[in-house]
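Colleague: Structure in structure tokens, see below.
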Amino acid sequence: MAELDTSGGGKNKGGKIRSKKQSTRVDLTAMVDLAFLLITFFMLTTTLAKPQAMDLAMPDKDKQDQQELTIADNRTMTILLGANNRLEWYIGLVDKPLTPPQIDNYGRNGIRKALVENAKKVIAATGDPSKGLIVLIKPSENSNYRNFVDILDEMKVSNIERYAIVEISDPDIALLKRDGIYK
Amino acid sequence: MPRIKVARKSTAIDMTAMCDVAFLLLTFFILTATARQPEPLPVDTPASTVKFKLPDLDIATLTIGQKGKVFFGVPGQPIRKRTLELMGEKYQIQFTEEEKTRFSVIESFGVPIGNLKQIIMMKGDDRNKPGLQPGIPTDSVGLRPSELHDWIISARYATKELNNVDMRVSIKGDSREEYPSIKKILDILQDQNINKFSLITSLRTGEE
């Protein structure tokens, strides 16, 4: 968008030689372009640089009045985090699981399907939306921090309200070893 | 009959006002942008879909990376100063006024308290060299709690004294970090009844 000189010229009929009046306007287009580019850059970097925070609440460790809640075993799903970014899950107790333990992956096609399906099944079985699925997350020593965050994220994505991070037990480790995802 | 001449209008727009606005905004964003501090322990945070932004104030950050190295940082210079004073009382180390001032601008550090004076007197660039700082000890010695435990508790006292709010704790872990080292930190936090923490994650781009 260059400036057009439409003032017309060369009409000096009087023969007088006049020095042509120079326009005092500067073409600001390029400058404005640059300014807006920089604005965009700073705007995006300031808002995106802030890290995200995932809140995690753990149960009190050493409370005196430990209450043992008994929950139906068909409502609990245990997820064991193993090595090589794999996990294993089952419903019920480790010595007599209600579903055979399954190895799965993280992500949309892996554990999320199982979580959503099981959450529906449990509500259908109990017939009460307040008695939904309870997920026990047991990270093994072979899992890394990314796995831990991923599984917590899956809980948020699949709208599982009740989940807990539990210490892994020896039978669970034996199960992971049997299926080859524990070193 | 004379022909009616349509006056030819100039196609140039006066951009002065637009330019003014653009530069005003630019100045604003440059001034509000916080310069990113170099981190002594670079970590690659795992991604998540959570869209909750981390608050700026009254939240301590524990950085975990490189096989269990732990770095600690609290925001706010007065809080840092007070934290150092409290730590000095606990470990019977005298810090001079200059050391306190220098410490108050250190964003995050990871050395045993015995070596803290050396780190304080270093220049910023030298201090942030990778591999220089070995991390804060997390093991308890006998009956004495670990240094990390003491740092956290001092920072909590300092935050409560100065700002009268409870300090929160956030954990910034490297995604390759193994779970036991994370567990160790969680246990240290739970020992002082901190049962709620924030895990710092980066935003997941695109659906996997």
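The values are calculated or read from the model by the stated rules, or taken from the named source; none is laboratory data. Everything quoted here is computed from the prediction, not taken from an experiment. Every residue, glycine among them, receives a Cβ derived from its backbone with ideal geometry; neighbour counts consider all protein chains shown.
Colleague: Do you know which residues across the range B:179-188 are crowded, with 18+ Cβ neighbours inside 10 Å and either over 17 Å from B:Leu143 (Cα atoms) or without any contact (Cβ under 8 Å) to a residue 12 or more places away in the chain (or both)?
Modeller: B:Tyr179, B:Ser181, B:Ile182, B:Ile185, B:Leu186
Colleague: Within the range B:165-199, restricting attention to residues that are of a type in the set (A, V, I, L, M) and in a strand (DSSP E or B), which residue is nearest to A:Asp150 (Cα to Cα)?
Modeller: B:Leu199
Colleague: Is it true that A:Glu141 is among the acidic types (Asp, Glu), within 27 Å of B:Leu199 (Cβ to Cβ) and not in a helix (DSSP H, G or I)?
Modeller: Considered against the rule, which asks whether it is among the acidic types (Asp, Glu), within 27 Å of B:Leu199 (Cβ to Cβ) and not in a helix (DSSP H, G or I), A:Glu141 comes out as yes.
Colleague: Quick check: is even one residue across the range B:38-52 hydroxyl-bearing (Ser, Thr, Tyr), touching a residue at least 40 places away in the same chain (Cβ under 8 Å) and in a loop (DSSP other than H, G, I, E, B)?
Modeller: There is at least one residue in the range B:38-52 that is hydroxyl-bearing (Ser, Thr, Tyr), touching a residue at least 40 places away in the same chain (Cβ under 8 Å) and in a loop (DSSP other than H, G, I, E, B).
Colleague: Of all residues in the range A:144-183, count the ones that are facing another protein chain (nearest Cβ under 8 Å) and assigned to a helix (DSSP H, G or I).
Modeller: Residues flagged as facing another protein chain (nearest Cβ under 8 Å) and assigned to a helix (DSSP H, G or I) within the range A:144-183 amount to 10.
Colleague: State all residues of the range B:48-92 that are touching a strand residue (DSSP E or B) at 6+ places or on another chain (Cβ under 9 Å) and surrounded by fewer than 14 Cβ atoms within 10 Å (Cβ to Cβ); if no residue qualifies, say none.
Modeller: B:Lys51, B:Phe52, B:Lys53, B:Pro55, B:Lys67
Colleague: Now a separate question. Among residues belonging to the range B:8-29 that are part of a helix (DSSP H, G or I) and within 8 Å of another protein chain (Cβ to nearest Cβ), point out the one that is surrounded by the fewest Cβ atoms within 10 Å (Cβ to Cβ).
Modeller: Among them, the one singled out is B:Thr16.
Colleague: In the range B:93-113, which residue that is assigned to a loop (DSSP other than H, G, I, E, B) and polar (S, T, N, Q) is surrounded by the most Cβ atoms within 10 Å (Cβ to Cβ)?
Modeller: B:Ser108
Colleague: Is it the case that some residue within the range A:115-132 is surrounded by 15 or more Cβ atoms within 10 Å (Cβ to Cβ), among the polar types (S, T, N, Q) and closer than 20 Å to A:Glu161 by Cβ?
Modeller: Looking for residues that are surrounded by 15 or more Cβ atoms within 10 Å (Cβ to Cβ), among the polar types (S, T, N, Q) and closer than 20 Å to A:Glu161 by Cβ, one finds at least one in the range A:115-132, hence yes.
Colleague: Given the criterion within 11 Å of another protein chain (Cβ to nearest Cβ), touching a Lys or Arg at 6+ places or on another chain (Cβ under 9 Å), among the aliphatic types (A, V, I, L, M) and surrounded by fewer than 16 Cβ atoms within 10 Å (Cβ to Cβ), identify the matching residue among B:Leu199, B:Leu203, B:Leu162.
Modeller: B:Leu203
Colleague: One residue is enough: does the range B:30-37 have a residue meeting the conditions under 30 Å from A:Gly107 (Cα atoms) and among the basic types (Lys, Arg)?
Modeller: no
Colleague: Only one of (1) facing another protein chain (nearest Cβ under 8 Å); (2) in contact (Cβ under 8 Å) with a residue 40 or more places away in the chain; (3) exposed (fewer than 14 other Cβ atoms within 10 Å of the Cβ) fails for B:Thr32. Which number is that?
Modeller: Result: B:Thr32 passes all but (2).
Colleague: Within the range B:53-81, can you find the residues that are at pLDDT 80 or above, assigned to a strand (DSSP E or B) and of a type outside the set (Ser, Thr, Tyr)?
Modeller: Within the range B:53-81, B:Ile59, B:Ala60, B:Leu62, B:Ile64, B:Gly65, B:Lys69, B:Val70, B:Phe71, B:Phe72, B:Gly73 meet the criteria.
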